[in-house]
Amino acid sequence: MIIEKFFPTLVYGKDVQLNNNQLAQDIVNWSNQDKGVSKTNVKGWHSTTDMHTKVEYKHLIEELHIAQQDIYKDECLEGEPLLGNMWANINYKGGYNRPHIHPNSLLNCNEPTFLT
């Protein structure tokens, strides 16, 4: 039997040590100070896309960079991975996000990668 995988979807996962309660509280505090943006969210809050620049998310960003480096190594990719933008969503009761895509979220061997 021949098996051909034409468009496999790889999903990477990693256990990290984060204070999820603090992370959630930081996001709620952010939502109370910033009206956010309207994108695909319905009955919810969507932050601006500069989460990766905020000091309270530094530990999360560090863990993401470690994971990105592991993926680059596993995929034999050259260059340095970049985190181009990042955001948080809060969906209140009855809230959801409309179907959408995330452009520029591909791994590319020749150009800097922006994970969105």
Give me the 1.4 Å probe accessible area per residue for the chain, excluding ligands and nucleic acids, in Å². 77 Å²
Folded to 0 to 90 degrees: helix 58-74 orientation relative to the chain principal axis, Cα: 10 degrees
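Normalised by the number of residues in the chain, what is the relative contact order in percent for Cα pairs under 8 Å and 6+ residues apart?
Numbers: 132 pairs, mean separation 31.1, N = 116.
The value is 27 percent.
Efficiency by 1/(1 + (r/R0)^6): what FRET value for Met1 and Ala67, r their Cβ-Cβ distance, R0 = 25 Å, to the nearest 0.05? Write down the numbers at each step before the final one.
Details: r = 35 Å, r/R0 = 1.39.
For Met1 and Ala67, the calculated efficiency is 0.10.
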Any lysines whose Cα falls less than 18 Å from that of Lys54, other than same-chain ones fewer than 8 residues away, would be Lys35
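Please report the antiparallel percentage of DSSP beta bridges with both residues in the chain, rounded to the nearest 5.
On the way: 5 of 8 bridges.
Of the beta bridges lying entirely in the chain, close to 60 percent run antiparallel.
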0 to 90° range, to nearest 10: angle between helix 20-33 axis and the chain longest Cα axis: 50 degrees
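The values are calculated or read from the model by the stated rules, or taken from the named source; none is laboratory data. What you see is a predicted model; the values in this text were computed from it and never measured. Ideal geometry is used to build each Cβ from the backbone, glycine not excepted, and the neighbour counts take in all protein chains shown. These accessible areas exclude ligands, DNA and RNA; they are computed on the full protein's heavy atoms, side chains included. Shrake-Rupley method; radii C 1.70, N 1.55, O 1.52, S 1.80 Å.
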